[in-house]
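Okay, so here's the structure we're looking at.
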Amino acid sequence: MTPVSQIMTTDHCHKFYDAMVNRILTGTTRPFYVSGKDTKTYDEFHNALLKGINKLQSYHHGRVCLATSKSFETYSAIFSIVLGGHTWIPVNPNQPTDRFIDILKIGQVDVLIVDQPITAEMQEYCIEAKIAIISLDTLFSEKPSETLLGPDVRPTDIAIIYFTSGSTGKPKGVPITHENYILNVENILEILPINDNDVFGDYHDLSFVISIPVLFPCVFSGGALVPSKSSMDQLNPLPNILTNKVTVLITVPSTLSRIMKFTRDKELISVLRVLISCGEPLHLDVMSYFREKSEAEVIMNFYGSTEVAPWTFCHECKMDDVLGYADFGVAPIGKPIKGNIIKVSDDGELWVSSRQLSPGYLDGASPTTFITENNQRWYKTGDRVVEHDGVFVCKGRLDNQIKIGGYRIDLMDIEANLRQFDDVQNVFCFTVGGVKNPQIVATLFGGKAYSFVEIIDLLSKRLPVYMLPKYVEYFEEMPVNKNGKLDRVKVKEIVAERLQVR
């Protein structure tokens with residue numbers, strides 16, 4: 001294939017989709033979808049695609065918002081949209097109505113596919129905006145197309161639009177082109193030892209960019225998809241993994257921490273063959289636990305974001321990392337993946353230049369995040385990194401650095417020390433009191449409810465006085481967002497209420 005450092009040609013793009021279609025056609029009786037006793041083959045997947053593509057063909061290169069729960073039909077709809085040459089816009093169907101309408105408006109949606117009734121307000125907006133509403137079950141009710149072909153698209157056409165939180169209170173649309181995500185999928189297939197017997201666990205919201213490395217490598221390699229069917233599957237996917245014999249798990253460290261909680265002193269998962277961590281800092285205690293007790297052939301830490309579709313760094317985790325990166329408390333993000341150019345600014349911020357870079361936010365949001373210098377386009381990640389022994393370590397967000405009494409403090413340093421407490425599932429530090437009087441709050445999740453005195457006693461042996469938290473808050477359960485990550489916004493809201501009561 002064309003080196004990823006070069007601009008993707010239309011021929012390259014078409015060859016990728018031709019190869020994907022060929023894999024679907026040759027899958028025949030192999031399982032594509034597995035959920036307990038409910039199994040669908042690649043033949044059934046193929047037949048559904050022919051019907052879905054035919055149903056959508058009148059919306060030429062349309063933007064199709066898919067707001068449905070996970071099912072065989074939903075996965076078939078996703079690939080009907082992409083292989084039909086449309087733009088897939090994944091949305092959680094449980095969005096508040098106002099936010100949902102914002103997404104439809106910003107995304108300039110042509111078609112909305114749903115599997116449950118929508119509100120009268122939504123219905124009214126769709127009529128006004130001339131958005132066609134299609135029920136998921138009717139998507140596959142018509143005559144199928146005669147044959148399955150790759151889409152007639154250009155590399156620069158938008159393939160997917162993800163919506164993330166925006167600082168203005170409005171959702172921020174991140175367009176991903178065919179070139180953006182195809183290059184990433186090709187890299188993933190080259191890096192990971194994936195084969196056609198693998199079973200991929202899909203335990204995150206489809207509107208989370210982690211869906212790219214789960215869905216497309218799975219189908220491209222002829223593997224099977226296993227979905228989460230409930231909120232419990234997302235919080236603790238362990239029973240689902242064991243029942244469905246999942247061999248490839250791509251998830252966030254918060255999920256891995258919860259699995260740790262349920263498997264302590266028990267035999268760990270033996271079915272996993274490939275374990276991928278991404279989306280958050282991978283703390284060394286979590287990494288070493290899975291490295292030591294699982295039988296996974298490979299455990300890797302990937303780094304990236306929605307804006308780079310989604311991975312630009314990777315690192316294979318080894319037990320030597322526990323000592324080698326003890327001062328950081330987290331596994332390294334490793335080295336840049338092929339085709340990604342990086343630089344570190346004077347204040348330590350990581351900048352990435354790549355063919356994987358999104359064209360930029362819809363509606364011109366956050367214009368300073370993507371910049372051009374000397375004819376080179378860069379994405380400013382907002383993450384602070386350092387190089388150590390030839391690989392990179394992410395030190396957290398730039399806003400994790402604060403100043404108190406003239407001292408510069410990295411909140412991740414405090415978090416790394418708090419994780420030394422036994423059975424702590426996760427930790428999160430932030431400040432209250434504003435810029436003029438910042439005070440550090442340490443929050444601990446799971447495990448024992450250590451007292452303030454116990455926390456300060458341990459930290460005072462490791463940290464200078466100016467780095468000690470002013471408040472310590474304990475949470476028996478860890479609030480998580482739709483992506484399975486620690487819900488930092490919710491934690492701050494709860495802590496603010498607690499402190500106000502006092």
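The values are calculated or read from the model by the stated rules, or taken from the named source; none is laboratory data. Predicted model only: the values in this text are computed from it and were never measured. Heads up, the Cβs are rebuilt from the backbone with ideal geometry, glycines too, and the neighbour counts pull from every protein chain shown. Ligands, DNA and RNA are stripped out before the accessible areas are found, and what is left, the full protein with its side chains, is counted by its heavy atoms. Shrake-Rupley method; radii C 1.70, N 1.55, O 1.52, S 1.80 Å.
Which percent of the accessible area of the chain is formed by carbon and sulfur heavy atoms (probe 1.4 angstrom)? For the chain, the apolar C and S fraction of the accessible surface comes to 49 percent. Per-residue ellipticity at 222 nm computed for the chain from its helices equals -9500 deg cm²/dmol, with DSSP H segments shorter than 4 residues left out and the rest contributing -39,500 (n - 2.57). Heavy-atom accessible surface of segment 346-412, averaged per residue, reaches 50 Å², computed with a 1.4 Å probe.
Ordered by solvent-accessible area of protein heavy atoms (1.4 Å probe), largest first, the residues VAL393, VAL199, VAL386 come out as VAL386, VAL199, VAL393.
Here segment 55-85 and segment 199-262 have alpha carbon centers that stand 21 Å from each other. Computed with a 1.4 Å probe on the full set of protein chains, the accessible area for THR119 sits at about 60 Å². Computed log10 I(q)/I(0) for the chain at 0.11, 0.13 Å⁻¹: -0.98, -1.36, from the Debye equation with unit scatterers placed on every C-alpha and solvent omitted. For HIS46, the accessible surface of its heavy atoms amounts to roughly 40 Å² (probe 1.4 Å, protein chains only, rounded to the nearest 10). For segment 379-426, the pair-distance distribution built from all alpha carbon pairs, in bins 10 Å wide starting at 0, is 22, 41, 33, 4 percent.
Among the trypsin sites (Lys or Arg not before Pro) in segment 346-445, those located in a DSSP loop and surrounded by at most 12 other Cβ atoms within 10 Å of their own Cβ are LYS436.
Candidate cross-link partners of LYS470 among the lysines, defined by an alpha-carbon separation under 27 Å and a same-chain spacing of 8 or more, comprise LYS395, LYS403, LYS436, LYS448, LYS461, LYS485, LYS490, LYS492.
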